[in-house]
1. Mind checking which strands (runs of 3 or more DSSP E) fall wholly inside region B:232-320 and carry at least 1 residues that are hydroxyl-bearing (Ser, Thr, Tyr)?
2. From the list A:209, A:271, A:205, which residue is modelled with pLDDT under 90 and open to solvent by 20 Å² or more (accessible area, probe 1.4 Å)?
3. For the condition in contact with a helix residue (DSSP H, G or I) (Cβ under 6 Å, 6 or more places away or on another chain) and closer than 23 Å to residue A:249 by Cα, what is the one hit in A:187, A:156?
4. Give me a count of the residues in region B:1-48 that are within 14 Å of ligand 1 (Cβ to nearest atom) and within 25 Å of residue B:182 (Cα to Cα).
5. Taking helices (runs of 4 or more DSSP H) that fall entirely within region A:167-260, which contain at least 2 residues that are away from every other protein chain (no Cβ under 11 Å)?
6. Please go through region A:220-243 and give me each residue that is crowded, with 22+ Cβ neighbours inside 10 Å and over 30 Å from residue A:298 (Cα atoms), ordered by number.
7. Give the number of residues within region B:170-195 that are under 16 Å from the mean Cα position of the chain (by Cα), assigned to a helix (DSSP H, G or I) and away from ligand 1 (no atom under 16 Å from the Cβ).
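The values are calculated or read from the model by the stated rules, or taken from the named source; none is laboratory data. Quick caveat, the model's predicted, so the values are computed rather than measured. Here the Cβ is made from the backbone with ideal geometry for all residues, glycine too, and neighbour counts use every protein chain on show. In case anyone asks, the SASA skips ligands and DNA or RNA and just uses the protein heavy atoms, side chains included. Shrake-Rupley method; radii C 1.70, N 1.55, O 1.52, S 1.80 Å.
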Amino acid sequence: MTLPGSYESGPVASQTVAAAHDVAAEATAVPARRRASLRQWELFFLLLPMLLLIVLIFDLPILNAAYWSISDPKTGALTLGHFRDFLDSTAYLRIIWRTFFLSLEVTAATILLGYPLAYWATKLPPRWRIVVLGLVVTTFWVSILVRTYAWIVILGSAGLINRLLMWAGVVSRPIEFLYNEFGILVGMTNVLLPFLVLPLFAAMMRVDMRLLQVAETLGASRFRIFWQVFFPLTLPTLAASAILVFILSLGFYITPAVLGGGRVPLVANMMDLLINRFARWETAAVVSVVLMVVTLSLYAVYQWLREKNA
Amino acid sequence: MTNVRFTHVTKAYGPLRAIDDVSISVKSGEFTTVLGPSGSGKTTMLSLIAGITRPTSGRIDLGDREITFVPAAERNIGLVFQSYALFPHMSIFDNVAFPLRVRGMGAAELSRRVGEALRLVRLEGLRQRKPHQLSGGQQQRVALARAIVFEPAILLLDEPLAALDRKLREEVRLEIRELQRKLGITTIMVTHDQEEALSLSDQVVLLSKGRVEQVGAPDEIYHRPSTRFAADFLGMANFIEGSYHEGHIVSPDGERFPCAPTNIAHGARVCGLLRPEDIRAGGEGGHLAGIVRDVVFLGETVRYLIELKSGRRLTANVAGARGRHVAGAGVSLSWDPKRVWILPDNSDRIPADGNAAVTERRTEKVSVVGR
Ligand SMILES: Nc1ncnc2c1ncn2[C@@H]1O[C@H](COP(=O)(O)OP(=O)(O)OP(=O)(O)O)[C@@H](O)[C@H]1O
Ligand SMILES: [Mg+2]
């Protein structure tokens, strides 16, 4: 259903661009006073191809999936049957619950690692600051697949850490870091850390040094200055970034598939099974609707926190 | 009784000396202003007292205790930043309560003290607001309340009025002065506005490029400045250069400016200071004749730019704006000879240029005024 739409959008798009050009040419000829009102139209025409693309390729399929979740595949009549099936089956709920719980763990891990890391970076001399942030950012440049397999090299039973531990005689048999929730946790935390560290670093740099100095002159200890002045001032950004990390964790597919070794199915992997193995499109639609509602609600909180922060 | 004393204090940022071998002292209960152009080290000086920065060398005393390396949190000094630095996430009440909570004060006493401080700055009704909901003047007063609520030994104010508009500035200025008198708290205020310094303080410390240019009471520093820089910075000044001769300064062009007789050697090169408001411009019978080149109406006074025969120009501020002279008119200038102040340091050298003689003179002067 999406494919014909995207094919069609090609010629349509080029036509609208041409039309926009005409309008733009006209706009330069009219007096400045009228040009302001034309701008809106220009903008609209320029954005139209993009708009069509988004509506046809993203929005309609999503609405379509939402429709599937509440309709009978044969008759097309509206029904809540799929939702009832979904709620009756403990397997789905268990997997969704596990995904939520793991996402919470990932969020907690990124906070525990990311907040001190960002704080430490702000204390460094400017040159070292760039180096540290550069190292955090480079993880964006490496393909997620490569990074995930890199963890196998490090954490696998014949990996770096296990060999080191056995060589040092700490353990006699390799520890199983991988193919369980721990492996997934490590991999996802690694991928998501920059989403927390970068905004937090920026927020910490924005904190007015004079507030900390004045708190000191008012007699506050370093501990108190941190917890009562510095931390509250970075809290909105911390909360917003944490929500973002949580939302992103909900949809992880590659990392759980590789580092979980297929033994720890999460929502995205379950969808894969439902569609590609069992062809249960309606159930998959229900799961995706549930996930989307949760994500959008969290996203609303994220936006609210960001605006409050700005 | 001395309250704050700097002894040869230097604060260097790399090669730059933000504070350069400064020795001053401030008496208990007095209102001192630190005056100086931008970048002269005023903020640095306050930070050194507050303990936010450490001196590179020298010694700072507070009362009879040396505090050079005492942490800021243990100094018991109230500081108001130019930007006020209110905690944006706390209410007005919590902002003012902060220093008391830090000291572990009980709720009842704390509430009473905060209420009292807010009443002093006339902000009782706004205690539940957040700082961003207040006007600049109100924020300024909250910062003041927070700085005095814990009864600090000294109050430091860094250009507290700079962000306010002219009218509000005058209002808050009076409030600060009144508050200071009421509490009797030793106060050091930074400003780069000479009018503010002259009108508020018991003592003015004039800084220039990290060095103390002069210390003194406002009228002393205004009428009897020790250098050209001081004379110039504190208000408009006419400088009369020439050689001293029997109660006159005789310019190279031969114009004779009467001044009070001194024991300066005849023929010595001197520089006299004559403030514009000390000059009278009449029809005739004055010391010197000149022609009005420019007239500026200032409201209470009129400012004339008057050119003498030699081409030298003098500025005169004459009270009573009615019946003024017009541009091009001839006027006769007179003044009380006692009003001509002969600068003890007759050089227009910019201070702090590393001249040994300057250093010596300055430390000597400072110790005279300070102790
Ligand atoms: N942390 C710092 N690092 C380096 N140089 C500094 C630092 N703080 C101040 N300076 C320098 O020290 C000198 C004095 O600064 P200071 O802030 O005390 O000036 P000021 O008299 O308060 O000026 P203004 O009226 O503009 O506030 C300036 O040249 C400034 O650039
Ligand atoms: Mg300053």
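1. Fully inside region B:232-320 and qualifying: B:238-245, B:301-308, B:313-319.
2. Values: A:209 fails: modelled with pLDDT under 90; A:205 fails: modelled with pLDDT under 90.
Residue meeting the stated conditions: A:271.
3. On the way: A:156 fails: in contact with a helix residue (DSSP H, G or I) (Cβ under 6 Å, 6 or more places away or on another chain).
Only one candidate passes the filter, namely A:187.
4. 4
5. A:181-206, A:231-250, A:254-259
6. Passing the criteria: only A:220.
7. 5
Residue-by-condition table, conditions (1) in the same structural domain as residue A:252 (by TED's automatic domain parsing); (2) touching a Pro at 6+ places or on another chain (Cβ under 8 Å); (3) open to solvent by 30 Å² or more (accessible area, probe 1.4 Å); (4) outside any helix (DSSP H, G or I):
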site: A:97; (1), (2), (3), (4): yes, no, yes, no
site: A:105; (1), (2), (3), (4): yes, no, yes, no
site: A:108; (1), (2), (3), (4): yes, no, yes, no
site: A:111; (1), (2), (3), (4): yes, no, yes, no
site: A:118; (1), (2), (3), (4): yes, no, no, no
site: A:121; (1), (2), (3), (4): yes, no, no, no
site: A:127; (1), (2), (3), (4): yes, no, yes, no
site: A:132; (1), (2), (3), (4): yes, no, no, no
site: A:136; (1), (2), (3), (4): yes, yes, no, no
